[in-house]
Amino acid sequence: MNIFFLQFLLGILFLSIFYLHLAKKNFGAVIAYSIQSLIITLILFTSFLETNSFFLLFVVLVTLVIKVILASVFFFRLIQKHKLTFSVSTYLNLPLTLIVLAGFTAIAHSQKFLSLTNIIPAHQALLSLALSAIFISLFLVINRKDALSQAVGILSLENSIVAFAIFAGLEQSPMLQFGIIFDIFIWLVISTVFISMIYRHFGSLDTSTMKHLKD
Amino acid sequence: MVNLLTTESGFFLLLLLYSLGAIGSLFFRKKDELANGWQSFFAIIGSLWGIFFSISAFFTGNLSFVAYSSVFPLLSFSFHIDQLSAFFIFVISLITLFCSLYGIGYIKHYYKKYSISALGFFYHLFIIGMLMVVTASNGLFFLIAWEIMSIASYFLVVYDHNDVNNTKAGFLYLVMTHVGTAFIILAFLLMYKFTNSFDFESIQAQAVAIPVFIKNTIFILALIGFGTKAGIIPFHIWLPVAHPAAPSHVSALMSGVMIKTGIYMMIRLFLDILQPIPLWWGITILIIGSLSALLGVLYALTEHDIKKLLAYHSIENIGIILLGFGSALVFISLGNTLLALFGLGAALFHTLNHATFKSLLFLSAGSVINQTHTRNMEAYGGLIKYMPQTAFFFLVGSMAISALPPFNGFFSEWLTFQTLLQGMTSVNILVKSTFVLATGALAITGGLALACFVKAFGATFLARPRSTEVAHAKESSLSQLIGMGALALCCLLFGIFSGYLGSLFINIGTHLTVFRNISLPPILSSKINFIAPNNFGSVSALALIVFLILALFIVVLLVKFVINRNQKTKIGATWDCGTNLTPRMEITATGFARSIILIFAGILRPSIQNEIEYRDSKIRYFPKSRTVTLRTRDIYRLYFYLPLNKFITTLSVRAKAIQSGSINMYVFYILIAVAIALFLS
């Protein structure tokens with residue numbers, strides 16, 4: 001598969017995470033997550049075209065169903081049920097957030113991580129971008145106060161790790177991938193239940209209010 | 001049969017017998033008598049087999065084998081049984097045999113109160129742990145065995161869990177034993193770093209490759225780790241609370257045997273594996289030994305809890321053992337291997353002797369507590385009338401621990417004295433001063449120990465009962481008497497045959513690497529005589545016993561036929577100054593020790609509190625009661641453990657600041673950790 005096409009896909013994935021940091025409405029954040037999951041599905045599909053493994057095709061289909069369709073459905077229902085149109089504020093304001101994002105992207109592309117991003121020299125640029133995606137996904141969980149954005153951030157982190165693994169040639173057996181996707185499905189169910197519980201108990205999705213649970 | 005004794009199968013049979021005892025006990029959860037019978041049977045059979053096996057292994061030589069090579073490359077379940085290990089197996093088996101015999105009768109008072117099957121399970125597991133500790137030849141396997149021993153003994157300490165003091169004691173023991181284990185792990189890791197092996201033989205072969213600084217660090221870590229288990233001062237604080245908490249036959253095993261596993265590993269590491277060693281190691285151990293012996297007996301004097309008193313005497317005796325062992329290390333460093341061998345012999349002999357008389361004392365104390373339901377000696381008195389045989393056995397144990405001939409304690413302390421006195425002839429001023437200090441400490445310790453047991457025996461068995469419980473006391477059961485009687489006999493026999501035993505202990509030393517290839521001069525002139533090197537001093541056990549019997553015979557003759565020749569026997573009431581004699585007029589244990597405590601007031605920091613309750617608080621002429629409370633401060637707790645506890649608590653409170661309760665903050669920590677891990681990779 002054309003490296004430029006893969007770079008394009010990864011670029012969109014990176015931008016989708018960037019957008020998650022900027023998004024003010026939960027609906028937009030879920031759409032962005034669906035897009036990045038679709039990109040992961042496409043990247044996996046390109047692997048299928050190269051290997052012609054039908055088990056991989058099955059994994060692609062399961063990924064599409066769970067990550068792109070089911071996850072979105074879960075989150076949309078949650079938003080509608082509790083009328084969570086707008087996300088809760090962030091810890092850092094927008095300019096500072098952008099500076100941190102730029103910082104993480106620069107660090108991921110720096111020489112310090114060369115030993116990691118140079119696993120496959122041909123994919124160095126892709127791996128640096130995937131590493132940036134990992135960092136800024138983690139930062140999304142840190143910077144956002146609402147539970148929904150944090151859940152999306154964790155799923156986005158998982159997508160970034162999958163992307164990094166694919167481009168680093170660290171793809172595991174289809175059985176393992178299937179197991180991971182199953183894990184994510186269970187996680188989705190539990191996290192939506194938890195988010196509902198937080199909302200019911202605190203009247204908001206702001207996780208900083210959970211401090212009161214401390215002794 | 002003989003072949004089985006000298007092979008690895010013989011050792012596995014030993015472990016199997018105890019394993020059957022442990023697992024089998026669990027099947028009798030609701031049948032206390034059957035559980036008691038099962039566990040006692042396997043403990044007795046196992047210990048008898050252990051005695052035969054260890055004697056056979058002692059005379060046949062080294063036995064090394066790998067039981068199972070695990071999937072982990074560094075861990076192998078390998079054993080090495082040389083003379084030193086065989087000696088410790090013998091000590092463990094001997095004490096287990098008599099404690100188990102005693103246990104048959106003793107355990108009965110736990111029926112319907114606590115689970116007898118659980119007691120049997122942990123009792124056997126504890127013995128298995130000790131046996132594996134003294135035979136393991138791989139560091140990781142050793143740590144597994146060490147943990148089995150420690151955890152099993154913890155459950156035995158908290159066995160009587162209805163008493164909140166016992167659970168507290170168990171917690172302290174658990175914390176301290178794991179602090180010690182942490183130091184041991186660090187020592188093993190350092191050895192591994194420079195030898196690439198956890199196998200003791202490999203480490204020994206490559207010990208010269210370990211840099212001096214690292215070797216010294218290993219020594220300090222191992223000394224703290226194994227010293228904590230042995231109960232050396234200042235790491236002893238768990239011992240006086242944990243040993244009394246356990247059932248008495250377990251206390252006897254813990255105090256008589258378990259703490260010696262720390263001594264075993266010190267001998268194994270410092271004298272066998274890490275050679276050559278610097279001079280200061282031996283000097284440090286001599287100083288610690290002196291302090292432990294002296295302070296141990298001083299604290300014992302202040303106690304009126306009979307089991308705590310005995311526990312403090314364990315610290316004292318560990319100190320005496322360390323005096324012999326420390327001398328051996330010093331002499332090795334000075335190149336005098338003969339004297340070193342002599343010092344090691346003294347340490348090993350006292351190890352065996354302390355195991356016998358301390359077990360005897362714990363068992364007889366257990367019988368007393370069982371009848372009076374208190375550990376407070378002030379509530380005893382006059383028990384000799386109700387428990388005459390127990391009193392006799394306690395007296396034998398007291399005489400042995402006080403180093404009175406012809407019992408075994410005298411001969412091992414004599415050997416230790418001889419070693420220390422030889423050290424005083426050294427030209428090195430530091431060595432000379434240390435030996436002078438150690439000799440002085442041992443001399444004072446001996447005197448104080450005697451005073452302490454005069455107090456313990458007098459307050460417990462003599463005079464009149466000081467509580468109603470004493471009047472209801474009955475003699476111990478037959479199995480208890482057999483257990484105590486056998487140990488009392490051992491105290492006497494080990495004394496009588498001290499010359500022969502001494503030659504065996506010297507023989508143990510000659511099989512350690514450091515003593516190999518040396519020609520032995522006639523340190524022992526015969527099998528019944530001890531002769532110190534250079535003919536400095538000697539004592540004959542046989543001559544001593546003949547002299548004592550003769551002296552006794554002459555005294556009896558004199559009293560009966562010369563002094564009382566013309567006197568007639570009259571039986572009447574004792575003159576009591578016209579008042580009724582009451583138990584309140586007796587000297588108490590606290591009163592007896594008071595003058596000695598005040599002499600050592602600088603160390604013990606006593607405080608005396610007088611309380612008077614008047615019949616009429618306004619007219620203070622007629623006191624209703626007077627109470628004098630003599631307390632001593634635990635200086636280790638006050639000046640070491642409490643400040644340490646305060647420091648750790650402050651640190652913990654500050655560290656708690658990172659526990660903000662914010663999920664975002666926790667994920668931020670993860671990000672930092674990931675970034676650092678990636679950066680370092």
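Of the helices (runs of 4 or more DSSP H) lying entirely inside the range B:136-246, those containing at least 3 residues that are within 19 Å of B:Asp272 (Cα to Cα) span B:139-157, B:164-195, B:200-205, B:212-230. Annotation note: of B:Phe410, B:Phe417, the sole residue that is closer than 21 Å to B:Leu360 by Cβ and either in the same structural domain as B:Leu323 (by TED's automatic domain parsing) or touching a residue at least 40 places away in the same chain (Cβ under 8 Å) (or both) is B:Phe410. Do we find that B:Ala589 is within 14 Å of chain A (Cβ to nearest Cβ) and either within 30 Å of A:Phe139 (Cα to Cα) or of a type outside the set (D, E, K, R) (or both) in this structure? Judged against the criteria, B:Ala589 is not a match. Just to be sure, is A:Ile79 assigned to a helix (DSSP H, G or I), in contact (Cβ under 8 Å) with a residue 12 or more places away in the chain, of a type in the set (A, V, I, L, M) and under 17 Å from A:Gly203 (Cα atoms)? When the stated conditions are applied, A:Ile79 passes them. Selection over the range B:142-165 of residues that are closer than 14 Å to B:Val250 by Cα and open to solvent by less than 10 Å² (accessible area, probe 1.4 Å) gives a count of 6. Residues that are touching a residue at least 40 places away in the same chain (Cβ under 8 Å), more than 14 Å from chain A (Cβ to nearest Cβ) and not acidic (Asp, Glu) are absent from the range B:650-672 altogether. Every test in (1) away from chain B (no Cβ under 11 Å); (2) among the β-branched types (Val, Ile, Thr); (3) open to solvent by less than 20 Å² (accessible area, probe 1.4 Å) is passed by A:Ile190 save one, and that test is (3).
Filtering B:Phe647, B:Phe622 for residues that are aromatic (Phe, Trp, Tyr) and in contact with a strand residue (DSSP E or B) (Cβ under 8 Å, 6 or more places away or on another chain) leaves a single hit, B:Phe622. If we keep just the residues of the range B:446-466 that are in contact with a Pro (Cβ under 8 Å, 6 or more places away or on another chain) and not aliphatic (A, V, I, L, M), which is most open to solvent (accessible area, probe 1.4 Å)? Among those that are in contact with a Pro (Cβ under 8 Å, 6 or more places away or on another chain) and not aliphatic (A, V, I, L, M), it is B:Arg464. Counting only residues that are within 14 Å of chain B (Cβ to nearest Cβ) and open to solvent by less than 70 Å² (accessible area, probe 1.4 Å), the range A:90-132 holds 21 of them.
Given the structure, is A:Phe135 among the aromatic types (Phe, Trp, Tyr), open to solvent by less than 30 Å² (accessible area, probe 1.4 Å) and in a helix (DSSP H, G or I)?
So A:Phe135 fits the description; yes.
Report whether or not A:Ala163 is surrounded by 17 or more Cβ atoms within 10 Å (Cβ to Cβ) and within 13 Å of another protein chain (Cβ to nearest Cβ). For A:Ala163, the condition - surrounded by 17 or more Cβ atoms within 10 Å (Cβ to Cβ) and within 13 Å of another protein chain (Cβ to nearest Cβ) - is not met.
Annotation: B:Thr181 fulfils all but one of (1) surrounded by fewer than 21 Cβ atoms within 10 Å (Cβ to Cβ); (2) over 23 Å from the mean Cα position of the chain (by Cα); (3) closer than 23 Å to B:Pro73 by Cβ; the unmet one is (2).
The values are calculated or read from the model by the stated rules, or taken from the named source; none is laboratory data. Just so it is clear, the model here is predicted, and its values are computed rather than measured. With ideal geometry, Cβ positions are generated from the backbone for all residues, glycine too; neighbour counts draw on all protein chains shown. Calculation scope for accessible area: heavy atoms of the full protein, side chains included, ligands and nucleic acids excluded. Shrake-Rupley method; radii C 1.70, N 1.55, O 1.52, S 1.80 Å.
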